[in-house]
Amino acid sequence: MRAAAIATLAALVALAGWLWLLGGADQVSRFATAAQRDVQNAMAGSLRALRAGETGALTNLWALCFAYGFVHAAGPGHGKLIIGGYGVAARVPALRLTGLALASSLAQAATAVILVYAAVWVLDWSRQQMTGLADDILAPLSYILIGAVGLWLFVRGVRHFRIQHDQHHHHDEICSTCGHAHGPTVEQAANVKGWRDALMVIGAVAIRPCTGALFLLILTWRLGIDWAGIVGAFVMGLGTASVTVFVALAAVGFRESTLSLIGHRGVARTLAMAEIVAGAIVVILATQFALRALV
């Protein structure tokens with residue numbers, strides 16, 4: 001078990017080092033941008049074929065939607081940041097975190113559908129106005145919300161760390177003086193803190209719709225094949241989820257591998273430190289992304 005934990009941790013650290021120290025993130029970003037452009041062009045061709053009634057055009061369109069969601073999520077994005085940061089900082093079981101990753105991606109698709117049809121039916125907006133709203137307003141707002149989640153994790157980690165430091169008790173021990181536990185047990189820490197946590201994570205991701213989904217929905221609306229675009233937007237969300245679920249599992253693997261090496265008695269303090277560090281990183285990166293979006 002210890003050897004497996006060390007191997008998992010080493011692999012994840014090596015991946016992080018390649019991404020952030022050796023320029024891997026830039027290479028992935030360039031690949032993702034070029035791939036998105038190619039897939040978007042292919043989607044336009046599939047829409048024309050679907051409009052013409054060609055056999056297999058619908059299946060091809062939805063396959064391209066999934067591919068677009070995948071390559072879109074492979075580049076720098078706020079979904080991976082919030083899911084990964086939350087997964088490292090909070091002892092959320094893998095199944096629940098993957099559920100949050102999936103729900104976030106599908107909620108992002110729902111946001112695109114709501115935005116497009118509210119804009120065309122109620123406001124009579126153009127494509128430029130919709131993409132302008134998504135890129136100029138919703139994108140910075142999403143990063144601000146992600147920064148707020150990071151700040152919340154940081155403050156919660158500080159509070160948990162102070163409890164551990166001030167009381168000098170292990171998190172699952174009972175105080176011999178007062179008869180009460182002064183920190184969460186491992187089992188308690190494994191539970192999502194309720195709907196507030198889930199809604200914060202999902203909302204921070206979902207508030208900014210994918211530009212590719214907007215492109216698809218606007219074109220299918222103009223062509224009179226709305227249902228194909230709506231289904232395609234959610235298929236695109238599943239493609240995005242395929243990456244964010246991987247990030248969720250990697251975050252859980254990193255967290256649990258680290259905790260297994262530390263040992264049972266250090267879990268509570270380590271989780272508190274993880275909340276502090278992950279929260280600070282999320283705040284810093286979200287601030288950078290927000291500033292880039294505003295410039």
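The values are calculated or read from the model by the stated rules, or taken from the named source; none is laboratory data. Being a predicted model, the structure only gives us computed values, none of them experimental. Every residue, glycine among them, receives a Cβ derived from its backbone with ideal geometry; neighbour counts consider all protein chains shown.
For the stretch 185-208, filtered to residues that are part of a loop (DSSP other than H, G, I, E, B) and either among the basic types (Lys, Arg) or modelled with pLDDT of 80 or more (or both), the residue that is surrounded by the most Cβ atoms within 10 Å (Cβ to Cβ) is 208. Note on the stretch 121-149: residues that are of a type in the set (Phe, Trp, Tyr) and assigned to a helix (DSSP H, G or I) amount to 2. On the given criteria, is residue 82 of a type in the set (Val, Ile, Thr), over 17 Å from residue 238 (Cβ atoms), out of contact with any Phe, Trp or Tyr (no Cβ under 6 Å at 6 or more places or on another chain) and free of Cβ contacts under 8 Å to residues at least 24 places away in the same chain? No, not satisfied. Quick check on residue 270: is it touching a helix residue (DSSP H, G or I) at 6+ places or on another chain (Cβ under 6 Å), more than 18 Å from residue 107 (Cβ to Cβ) and β-branched (Val, Ile, Thr)? Against the criterion (touching a helix residue (DSSP H, G or I) at 6+ places or on another chain (Cβ under 6 Å), more than 18 Å from residue 107 (Cβ to Cβ) and β-branched (Val, Ile, Thr)), residue 270 qualifies. Of the helices (runs of 4 or more DSSP H) lying entirely inside the stretch 209-295, those carrying at least 3 residues that are within 16 Å of residue 86 (Cβ to Cβ) and of a type in the set (Val, Ile, Thr) are 226-262, 267-294. Can you tell me which residue in the stretch 209-250 is nearest to the chain's Cα centre (by Cα), limited to those that are over 20 Å from residue 33 (Cβ atoms) and β-branched (Val, Ile, Thr)? Here the answer is 245. Is it the case, given these coordinates, that residue 118 is crowded, with 19+ Cβ neighbours inside 10 Å and either more than 15 Å from the chain's Cα centre (by Cα) or not polar (S, T, N, Q) (or both)? It is false that residue 118 is crowded, with 19+ Cβ neighbours inside 10 Å and either more than 15 Å from the chain's Cα centre (by Cα) or not polar (S, T, N, Q) (or both). When the criteria are applied in full, residue 279 fails the requirement of being closer than 23 Å to residue 135 by Cα, of a type outside the set (D, E, K, R), buried (at least 18 other Cβ atoms within 10 Å of the Cβ) and in contact (Cβ under 8 Å) with a residue 12 or more places away in the chain. The listed residues are 99, 157, and the only one of them that is more than 15 Å from the chain's Cα centre (by Cα), under 16 Å from residue 197 (Cβ atoms) and either touching a residue at least 40 places away in the same chain (Cβ under 8 Å) or in a helix (DSSP H, G or I) (or both) turns out to be 157.
Every condition in (1) crowded, with 18+ Cβ neighbours inside 10 Å; (2) among the aromatic types (Phe, Trp, Tyr); (3) modelled with pLDDT under 90 holds for residue 68 except the one numbered (3).
What do you reckon, is residue 294 surrounded by fewer than 16 Cβ atoms within 10 Å (Cβ to Cβ) and in contact (Cβ under 8 Å) with a residue 12 or more places away in the chain? It is true that residue 294 is surrounded by fewer than 16 Cβ atoms within 10 Å (Cβ to Cβ) and in contact (Cβ under 8 Å) with a residue 12 or more places away in the chain.
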